[in-house]
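Reading through the structure tokens given below for one structure.
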Amino acid sequence: MKDPMPSDIFQTGQVLNNTYEIKGILGRGGTGEVYLAINQIIGRQSAIKALNAQFSGNSDYLELMKREEQMRNIMHDAVVRYSECSRTDDGHVFLVMDYIEGTPLSDLMFERRVSDQELLIVAHRVLAGLDATHAQGIIHRDLSPDNIILRDGKAERATIIDFGIAKDTATGARTIVGNNFAGKYEYAAPEQLDGHADFRTDLYALGASLLAVARRDVPDVGSNPGEVVRYKKEPLDVSGIKAPLSDLILLLSAPDPAQRPSTALEAQAQLDRWLKPDTHNSKGTGSPKKRSGKSSGNKGLLAVLAAVVIGAGVFFSGALDSLFTPPLPVASPYSLAAGNGPTGSTFSGHAPDTESAALLRAAFVGSTGSQPPEGALTLATGLPDPAWPARVTELMTLLQPLEEWQLDVTDTSVELMALAPDTSTRNAMNSTMRDWAARSEMQLQSSILAGPEMLGTDVLEAALAEHATCGALSLLGAENGAYGMFDPVTITGDMSARSDIETLQQALTPLIGERALRVETTILNSDLCAIRSVMPPTSSGAVSVWLGRAATGDAVMTGIFRTGENPVVDVQLPATITGASLWVMVVDNTGKVFNILPNINQTEHMVDTLGVVENGVRRVRVLWPIAALQEDATRLAIQVDSESYGKSEIVAILSKTPLFGMRRPRDESVSSLAESLAETLVGREAEIIGVASRIIDARP
């Protein structure tokens, strides 16, 4: 478990819904967190997946959580069991599922080599789990090594987890991403790039996952959409993988879905046929014929004995003393192990002679800058190939651009695990390694990860500022200002066009290495973005905006209101804040800005005299129920109709002094307000106490 942080959604010891006691945090992601909990009623461990507050009110993410919760009807030992979806009193949506204790394949593949037998057992088990989920009309769509857990580390207990973007195939069902791509590019089926997915999509992902684990290398599908599309059109490269594992991978991952098994059960049946012993195979059952030749054999033996007698006489006479040199030992296997890491370098192995040993040492020094100890190489015979020393020397020379690496050469088999400083170096090194393997004719298994090992948020913030088109963008998921090696990088905020998202992704991809990039942004219209672009860069902090329905008084976390509904809006701040000025506006979807506090009827803007205080919170109502206008005609109210469909935004700015020197007009153009806001904020950044905003999404 990870160390707790004050910003965590839940704290250790907290009890959710009078049932689930939080024991600790298992992981943090861009949109939420996962906790270990104990069901106090039955004493069973559970995993709690909770959405961050900013996503708990997002209809798309709520749809995602509901889709994942519907997995509770699936009861199969190879599929994680979901039990409920709930919401805390303060609005955090969370899922409850079984806690699966074990090792993800994504971790195991870099810890050790997973044998073909283990992978076939995992495949058989996962296919059984997929058969159960597909029978309920559910497609996983994001199957990958990190979503397959080996309970207690056992292949026969492989379990599928994380159905976060699973798709319901029932008529009319949809997913959070609609027809857009969902899943990881490395393992996604070709048809997913076009927004299509069916049961065979999960089979492709399983095949690609098996190959990645077998090679101990995340697939390199390219760095841009064009390269990804070209990669997906070709069959997966299973060279060096033995049958039947190679046959299974090719069967599951055929680029054309029609060439894959139509169901997981069909694939499982084919795997069973491959694994069943062939009792009719007679190859290798014959016995070698005996050969006669007794006479010639005896003559040969006599000749050998005569040579031994003569040789012994010469040896004991001392005639060969000056020529005698102790023979070199025979090394089997012939090996070399070298590494360069944060804790130092390592170097040991064999060489056929002193000249070859000197070349190997020089290559190691050139790539690491470290001198190996004397005697690190043992002179020995047993070379698998006369060119072996030259090939290994060249290979070590090629490793110089890498930050960390571990090289293990055993006869003609080579394993390389390495960390490149960035994505471009990783891509270049992968190409270099392929070229070397082709020239050397040695069997190379290479896993080169793209760094940096720790990625500081400051590296990304400049790119975010450069590509922000609708206000500031934020980073989520970093701990202590940095992302670890495989931590996902999540970007939140708003953008003015979908093409802006693609441009941002292209700018960030070379910087983040192996980390997954999640751009969780909302597309807003140009008017909203014009205001966002001049807003002060201050977090909400002391001020927040609450949305509710006038008819029921319930909070509306999604911000979605339908025809005929009457939204009500409160601005909330701690009652301890006094002597501050509050300014509230609505950026409409018609190109206008309505200044609602202060306004011509409500000129007061100092918080001391606004709203009501309850439980230490000051609530200032700025949009009222229509019925409240009968009590006070100066109040403002709105109702959704066909002319108001679209997204509007409530913006509240709390400042130490009044934001403007004079009262703004009741309504004005977006360009006029944006220009005035930009001017009044110059040099006054320290006076801004807090900024908050919420979208009102009016729909039919």
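Every number here is computed from the coordinates shown, using simple stated rules; none is lab data. Predicted, not measured: the structure shown is a model, and the values here were computed from it. Cβ placement follows ideal geometry from the backbone for every residue including glycine, while neighbour counts extend to all protein chains displayed.
Restricting the stretch 349-439 to GluC sites (Glu not before Pro) that sit in a DSSP loop and have at most 14 other Cβ atoms within 10 Å of their own Cβ leaves GLU374.
Using r as the Cβ-Cβ distance of GLU479 and TYR645, and R0 as 45 Å, what FRET efficiency do you calculate, to the nearest 0.05? It comes out at approximately 0.60. Using 0.36 nm per residue and subtracting the Cα-Cα separation, the extra length available between LYS276 and ASP3 on full extension is 93.4 nm.
Peptides 514-520, 84-90 ordered by packing proxy, namely the average of other Cβ atoms within 10 Å per residue, highest first: 514-520, 84-90. When only Cα pairs below 8 angstrom with a gap of at least 6 residues are kept, the stretch 455-523 shows a relative contact order of 35 percent. In loop segments of the stretch 596-635 as defined by DSSP, there are no trypsin sites (Lys or Arg not before Pro) with at most 14 further C-beta atoms inside 10 Å of their C-beta. In this simple spin-label approximation, VAL459 and GLU679 carry label points 7 Å from Cα along the Cα→Cβ vector, and these lie 4.3 nm apart.
In this structure, the residue pairs whose Cα-Cα separation is over 27 Å, taken from LYS154/LYS276; LYS2/LYS232; LYS154/LYS242, are LYS2/LYS232.
Using the Cβ-Cβ distance between GLN406 and ARG666 with R0 set to 56 Å, the FRET efficiency works out to roughly 0.20. Gain on full extension, evaluated as 0.36 nm per residue between VAL15 and ALA686 minus their Cα-Cα distance, stands at 237.6 nm. One chain, two ends: GLU156 and SER424. Fully extended at 0.36 nm per residue, the span grows by 92.6 nm beyond their Cα-Cα distance. For every other residue with a beta carbon closer than 11 angstrom to the beta carbon of VAL593, add +1 if it is Lys or Arg and -1 if Asp or Glu, then tell me the sum. Once positives and negatives cancel, what remains is -2. For the stretch 499-526 versus the stretch 194-218, the spacing of their alpha-carbon centroids is 24 Å.
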